[in-house]
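Engineer: One structure coming up, written as structure tokens, with questions to follow.
The values are calculated or read from the model by the stated rules, or taken from the named source; none is laboratory data. Keep in mind that what you see is a predicted model, and the values were worked out from it rather than measured. Note that each Cβ is placed from the backbone with ideal geometry, even for glycine, and that neighbours are counted across all protein chains shown. What goes into the accessible areas is simple: the full protein's heavy atoms, side chains included, and nothing from ligands, DNA or RNA. Shrake-Rupley method; radii C 1.70, N 1.55, O 1.52, S 1.80 Å.
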Amino acid sequence: MSLRFYNTLTQQVEEFTPLHDNVVRMYTCGPTVYNYVHIGNLRTFTFQDILRRWLRARGYQLDHVMNITDVEDKIIRNAKAENKSIQEYTATYTQAFLDDIATLRLERPERIVKATEHIPEMVDAVKKLEERGFTYVSDGSVYYSIANFPSYGKLSHNDFSGIRAGARVDVDEYDKADARDFVLWKAQKNGEPGWDSALGKGRPGWHIECSAMAMKYLGETLDIHTGGVDLTFPHHENEIAQSEAITGKPFVRYWLHSEHLSIDAQKMSKSAGNFFTLRDLLGMDYTPEAIRYLLASVPYRKKLNFTFEGLKAAAASIDRLRNYKLRLETDKFPAGTNSTLAERTRTASAAFDAALDEDLNTAEALAAVFEYVRDTNTAMDAGEFPAGNVAEALEFLTRFDSVFDVLKPSTRTGGLSDAEVDALIAERAAAKKSRDFTRSDEIRAQLAAQGVILEDTKEGVRWKRS
RNA sequence: GGCGCGGUAGCCAAGUGGUAAGGCAGAGGUCUGCAAAACCUUUAUUCGGGGGUUCGAUUCCCCCCCGCGCCUCCA
């Protein structure tokens, strides 16, 4: 039993151990808060959530930092268009992001840090690069000279040995194809926000944010750095170039990148306009759990093609698991304990663990759960599932749900109270007893219309909310 | 062009040098007053195509075809 992850740096699946003690120091590139995040963004954050939960399940403690990029070209442009301050504009979308990840049951990283609150650290990092000879100044802006960092390209596995030094531009949204050097500090221009600093009045480049904040909180060498594959180059490559030029030490030990969510076989992206936000899908009455399940069920290094059929399938899968749990909790089981079944539970649990240990293979982990569900349902149907095995089955479900977190229905406002439901069920039972099936079906339909599903079993009626 | 990922049943998708997990959907059936739930049967002689290695390849090697991503902002 050892945890293994695919490391982009080495292009291999490697055994994972933290550098210090039992604490995993992890950094995640968070959102740029210029708009609502879409479900493609949320796929990556869901992957990180599964990673967090599994690391903890395996006994590690976490020190996880996520940044919020709250100053950047698009933010400046959009805020200006809406006649708002940067702070005012980003506050809206920062809160929306926090709300969205909470809706999807994504755990909050131990620290969520904002770029604009770490300007001094970034300036300091740039100064250190300057002292070590990795920078040059042009038009008041400070650039990183990658010609001075020979191992540039080791993460993205690109060969930059033929690169020309000196070509540079000073905006995030480049318009020169041959630019390779990147900006560390942007001199203030007409009307843009700027901070006074030893580098002159200006604002930080995107890449230096992450280097400065990651090292401030997590030290010079991190255990894990995650992000979407699109950040591998140039963003993460640049983080390495900055951080390692400053410290002379390896910046990150394990780089984990999650594949994109696509739609109609194309990458979902804001610039392409082919995206759904979480709010869009919730507005279509899909549940957060179904969305979470869909995003989590495809292993993170595999492209996930988003379809509504897939989303419905996810919801159906959750229903199957919830029905199973309800059955465990409400059926009457014969007395005793079955050692063969107990062994079956252990096998399933071990398979679940092994699947997640191997680079978070969520698809295989789910298969282990569903095989177990089918086998034990069969045993229950045959009356061969004793009461003494119920607890272990529920424990296994709990372990599953500690990672996937989809069993508990999201609370809905309104609807019938439990007492009202019970009263109607009692009325229906009376109708059934007098073989008034018209009335009993009427009540069942009435409840169904209000989101309450009845199931008649040998032991009586059980119900659930849809 | 460079780098990277992928092509497995209607859809999603796991997987291994030894004969194809799981979920969803579909069809039939058992159970039920009817449902629901559950279960059973059924759905890929086959894993993009062609060579090669091997007793044996979906799994290893070579070539080719197709899709996607990064190489400029982007999870």
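Engineer: Out of (1) touching a Leu at 6+ places or on another chain (Cβ under 8 Å); (2) open to solvent by less than 40 Å² (accessible area, probe 1.4 Å), what's the single condition that is false for residue A:33?
Structural biologist: So residue A:33 meets the others, but not (1).
Engineer: A follow-up question, please. Go through the range A:327-351 and count every residue that is open to solvent by less than 60 Å² (accessible area, probe 1.4 Å), out of contact with any helix residue (DSSP H, G or I) (no Cβ under 8 Å at 6 or more places or on another chain) and among the small types (Gly, Ala, Ser).
Structural biologist: Residues in the range A:327-351 being open to solvent by less than 60 Å² (accessible area, probe 1.4 Å), out of contact with any helix residue (DSSP H, G or I) (no Cβ under 8 Å at 6 or more places or on another chain) and among the small types (Gly, Ala, Ser): 1 in total.
Engineer: Looking at the range A:406-462, which of its residues are more than 10 Å from RNA strand B (Cβ to nearest atom), in contact with a helix residue (DSSP H, G or I) (Cβ under 7 Å, 6 or more places away or on another chain) and charged (D, E, K, R)?
Structural biologist: A:427
Engineer: Show the residue pairs meeting these rules: Cβ distance below 9 Å; 6+ apart or different chains; first residue within the range A:449-463 and under 12 Å from residue A:418 (Cα atoms); second residue aromatic (Phe, Trp, Tyr) and buried (at least 16 other Cβ atoms within 10 Å of the Cβ).
Structural biologist: A:452/A:463
This table checks each residue for (1) charged (D, E, K, R); (2) surrounded by 20 or more Cβ atoms within 10 Å (Cβ to Cβ); (3) in a helix (DSSP H, G or I); (4) assigned by TED's automatic domain parsing to the domain that holds residue A:49.
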site	(1), (2), (3), (4)
A:94	no, no, yes, yes
A:97	no, yes, yes, yes
A:107	yes, no, no, yes
A:112	no, no, no, yes
A:124	yes, no, yes, yes
A:129	no, yes, yes, yes
A:147	no, no, yes, yes
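Okay, residues lined up against (1) free of Cβ contacts under 8 Å to residues at least 40 places away in the same chain; (2) farther than 26 Å from residue A:101 by Cα; (3) open to solvent by less than 50 Å² (accessible area, probe 1.4 Å):
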position	(1), (2), (3)
A:324	no, yes, yes
A:353	no, no, yes
A:373	no, yes, yes
A:389	no, yes, yes
A:418	yes, yes, no
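Engineer: Please determine, by comparing only the residues of the range A:62-92 that are part of a loop (DSSP other than H, G, I, E, B) and more than 21 Å from the chain's Cα centre (by Cα), which one is nearest to RNA strand B (Cβ to nearest atom).
Structural biologist: Residue satisfying both the conditions and the ranking: A:72.
Engineer: Here is a list: A:313, A:265, A:272, A:296. Which entry is at positive phi, of a type in the set (A, V, I, L, M, F, W, C) and either in contact with a Ser or Thr (Cβ under 6 Å, 6 or more places away or on another chain) or open to solvent by 40 Å² or more (accessible area, probe 1.4 Å) (or both)?
Structural biologist: It is A:265.
Engineer: If you don't mind, there's one more thing I want to ask. Restricting to the range A:420-441, give me the number of residues that are loosely packed, with under 13 Cβ neighbours inside 10 Å, charged (D, E, K, R) and part of a helix (DSSP H, G or I).
Structural biologist: So the answer is 1.
Engineer: Among the residues of the range A:205-258, what is the count of those that are open to solvent by 10 Å² or more (accessible area, probe 1.4 Å), more than 23 Å from the chain's Cα centre (by Cα) and free of Cβ contacts under 8 Å to residues at least 40 places away in the same chain?
Structural biologist: The number of residues fulfilling the criteria is 5.
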